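Enquirer: This is the structure I want to talk about, given as structure tokens.
The values are calculated or read from the model by the stated rules, or taken from the named source; none is laboratory data. Since this is a predicted model, take the numbers as computed values, not measurements. Here the Cβ is made from the backbone with ideal geometry for all residues, glycine too, and neighbour counts use every protein chain on show.
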Amino acid sequence: MRKLNSQDQNFLAQLNALTAFEVAQDVTLDQRVAEIVEQVKLHGDRALIQYTEQFDRRQIGQASDLELSLDACQAAFNSLSEQQKQALTTAAERIRRFHEKQKGEGWTYTEADGTVLGQKITPLDRVGIYVPGGKAAYPSSVLMNAVPAQVAGVAEIIMVVPTPDGINNPFVLAAAYVAGVNRVFTVGGAQAVAALAYGTQLIPAVDKIVGPGNAYVAAAKRRVFGVVGIDMVAGPSEILVIADGSTDPEWVAMDLFSQAEHDEIAQAILLCPDESYLKQVELALSRLIETMPRRDTIKASLSSRGAMILVKSLDEACTISNYIAPEHLELSVAQPEQLLDKIKHAGAIFMGQYSSESLGDYCAGPNHVLPTGRTARFASPLGVYDFQKRSSIIHVSHQGAQSLGQIASQLAHGEGLTAHARSAELRLEK
């Protein structure tokens, strides 16, 4: 990992170079995705079968072969060990309990003249969740995307998951069963996103698409946005650890590994005011790296986008963290409560030495779908609110129409919109 010092004259330039990352805007990739999306839009199941055979190396007899029955998902759950079943169900219960707290309620208030104003909250009718398959198979993603949708009251949850070579991941299917997914289709890539957005003879069109995927999936989600809603266009995984030296260096080293093992372009950063502690973590990294099955990925990630940054104080560490706006932030300090108010921008904040980021990924309860690439400055974790929409309620009384009508008339005439003005004026008493 590179070593930076916040007191260096060119530190800000070094920090910007370290954190710079453009999310999947490759022109060639975008052109290919545009072609796939258009073909699925025009030809439906026929294009879906063609791309699935091409990219997933499968032979598809008919479109219905792409749908898995819910009985198959239940069978997958039954095939798991008791420990795996317990892990899935307990995680789902914790995720559900946390997201129940997010459920919004409609509200109204009545003005003195009898006019009633308010807000009505309703769930989306149908959502699609994309779940990675193949090398990256994440049952936790099923839970994190499907459970909040179910809590929000979404009527139908459609899951798409690629199955390269026709191999299903039983843990993923079991998670779909536990989370209450309604239909499962074994398709992936840009073609699955297009199918969810526009609908095919087999796959119904949805109102919103959520869930992580590769660069093709990200580009496809960006392309269909507006036809459907999307959660976000996510970049590589990130972790930033603020340490005061009180946590076992091996714990911090492993926390850095936990994000670096995701991808060669994942990012792991450590901020600390204690130079000797940074050296202890560096030694721990060296000791532990050879024990990691994904050590090549970790090494590539840490060498290309990782950093240890010596700061002058924990306050300065918080300032730098706010600038980076990390996906995952660990406050690995003795008194994390003292730093919490100083943190403005982070997807999820893990407080204290026992709050490892991995617990948040799987079972703590809060959602692990988080803003990346500095978007935590303006974006939030996935939640129940992403599966609900708000409608304004306006019930104007006779008396209210007299006062509001005069205001609207003046403003409408000022904008040159005569019909708007007349619409309000016609309701005024003569």
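Enquirer: Quickly run through the range 1-54 and pick out the residues that are closer than 17 Å to LYS221 by Cβ, surrounded by 12 or more Cβ atoms within 10 Å (Cβ to Cβ) and of a type in the set (Asp, Glu).
Expert: ASP26, ASP30, GLU38
Enquirer: Could you list, in sequence order, the residues of the range 261-282 that are assigned to a loop (DSSP other than H, G, I, E, B) and aliphatic (A, V, I, L, M)?
Expert: Correct list: ILE265, ALA266.
Enquirer: Please go through the range 344-354 and pick out each residue that is surrounded by fewer than 18 Cβ atoms within 10 Å (Cβ to Cβ) and in contact (Cβ under 8 Å) with a residue 12 or more places away in the chain.
Expert: Those that are surrounded by fewer than 18 Cβ atoms within 10 Å (Cβ to Cβ) and in contact (Cβ under 8 Å) with a residue 12 or more places away in the chain: LYS344, MET351, GLY352.
Enquirer: Against the definition (of a type in the set (A, V, I, L, M), closer than 27 Å to ILE269 by Cβ and at pLDDT 95 or above), how does LEU42 come out, yes or no?
Expert: no
Enquirer: Quick check on this structure: which one of MET292, MET308 is buried (at least 17 other Cβ atoms within 10 Å of the Cβ), touching a helix residue (DSSP H, G or I) at 6+ places or on another chain (Cβ under 8 Å) and not charged (D, E, K, R)?
Expert: The match here is MET308.
Enquirer: For LYS342, all conditions in the list (1) more than 13 Å from the chain's Cα centre (by Cα); (2) closer than 21 Å to VAL233 by Cα; (3) not aliphatic (A, V, I, L, M) hold save one; what is the number of the exception?
Expert: With (1) more than 13 Å from the chain's Cα centre (by Cα); (2) closer than 21 Å to VAL233 by Cα; (3) not aliphatic (A, V, I, L, M) applied to LYS342, the lone miss is (2).
Conditions (1) within 27 Å of LEU68 (Cβ to Cβ); (2) under 18 Å from the mean Cα position of the chain (by Cα); (3) not assigned by TED's automatic domain parsing to the domain that holds ILE309, marked per residue:
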site	(1), (2), (3)
GLY213	yes, yes, yes
VAL252	no, no, no
ALA266	no, yes, no
ILE269	no, no, no
PRO273	no, no, no
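Enquirer: Kindly indicate whether LEU4 is aliphatic (A, V, I, L, M) and under 29 Å from the mean Cα position of the chain (by Cα).
Expert: no
Enquirer: Quick one: is TYR323 at pLDDT 95 or above, surrounded by fewer than 19 Cβ atoms within 10 Å (Cβ to Cβ) and closer than 25 Å to ILE129 by Cα?
Expert: Against the criterion (at pLDDT 95 or above, surrounded by fewer than 19 Cβ atoms within 10 Å (Cβ to Cβ) and closer than 25 Å to ILE129 by Cα), TYR323 does not qualify.
Here is a yes/no grid of residues against (1) under 30 Å from ALA112 (Cβ atoms); (2) touching a residue at least 60 places away in the same chain (Cβ under 8 Å); (3) in contact with a Cys (Cβ under 8 Å, 6 or more places away or on another chain):
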{"site": "ASN367", "(1), (2), (3)": "no, yes, no"}
{"site": "ALA379", "(1), (2), (3)": "no, yes, no"}
{"site": "PHE387", "(1), (2), (3)": "no, yes, no"}
{"site": "ILE393", "(1), (2), (3)": "yes, yes, no"}
{"site": "ILE407", "(1), (2), (3)": "yes, no, no"}
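Enquirer: Report, by residue number, each residue of the range 372-382 that is modelled with pLDDT of 95 or more and either closer than 12 Å to LEU329 by Cα or crowded, with 20+ Cβ neighbours inside 10 Å (or both).
Expert: Result: ALA376, PRO381, LEU382.
Enquirer: Let me ask something else about it. I'd like the full set of residues that are within 30 Å of ALA152 (Cα to Cα) and more than 41 Å from the chain's Cα centre (by Cα), limited to the range 390-420.
Expert: Within the range 390-420, no residue meets the criteria.
Conditions (1) buried (at least 23 other Cβ atoms within 10 Å of the Cβ); (2) farther than 17 Å from ILE36 by Cβ; (3) free of Cβ contacts under 8 Å to residues at least 40 places away in the same chain, marked per residue:
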residue: VAL131; (1), (2), (3): yes, yes, no
residue: ILE157; (1), (2), (3): yes, yes, yes
residue: VAL160; (1), (2), (3): yes, no, no
residue: PHE171; (1), (2), (3): no, yes, no
residue: VAL184; (1), (2), (3): yes, yes, no
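Enquirer: Return the total of residues in the range 323-363 being among the aliphatic types (A, V, I, L, M), assigned to a loop (DSSP other than H, G, I, E, B) and under 23 Å from ALA13 (Cα atoms).
Expert: 3
Enquirer: Okay, next question. Does any residue of the range 351-368 turn out to be within 15 Å of the chain's Cα centre (by Cα), within 21 Å of GLY235 (Cα to Cα), hydroxyl-bearing (Ser, Thr, Tyr) and at pLDDT below 95?
Expert: Taking every residue of the range 351-368 in turn, none turns out to be within 15 Å of the chain's Cα centre (by Cα), within 21 Å of GLY235 (Cα to Cα), hydroxyl-bearing (Ser, Thr, Tyr) and at pLDDT below 95.
Enquirer: Examine the range 232-249 for a residue that is of a type outside the set (Val, Ile, Thr), surrounded by fewer than 24 Cβ atoms within 10 Å (Cβ to Cβ) and farther than 25 Å from CYS318 by Cα, and state whether such a residue exists.
Expert: Looking for residues that are of a type outside the set (Val, Ile, Thr), surrounded by fewer than 24 Cβ atoms within 10 Å (Cβ to Cβ) and farther than 25 Å from CYS318 by Cα, one finds at least one in the range 232-249, hence yes.
Enquirer: For the range 41-88, what are the residues that are more than 27 Å from the chain's Cα centre (by Cα) and among the β-branched types (Val, Ile, Thr)?
Expert: Passing the criteria: ILE49, ILE60.
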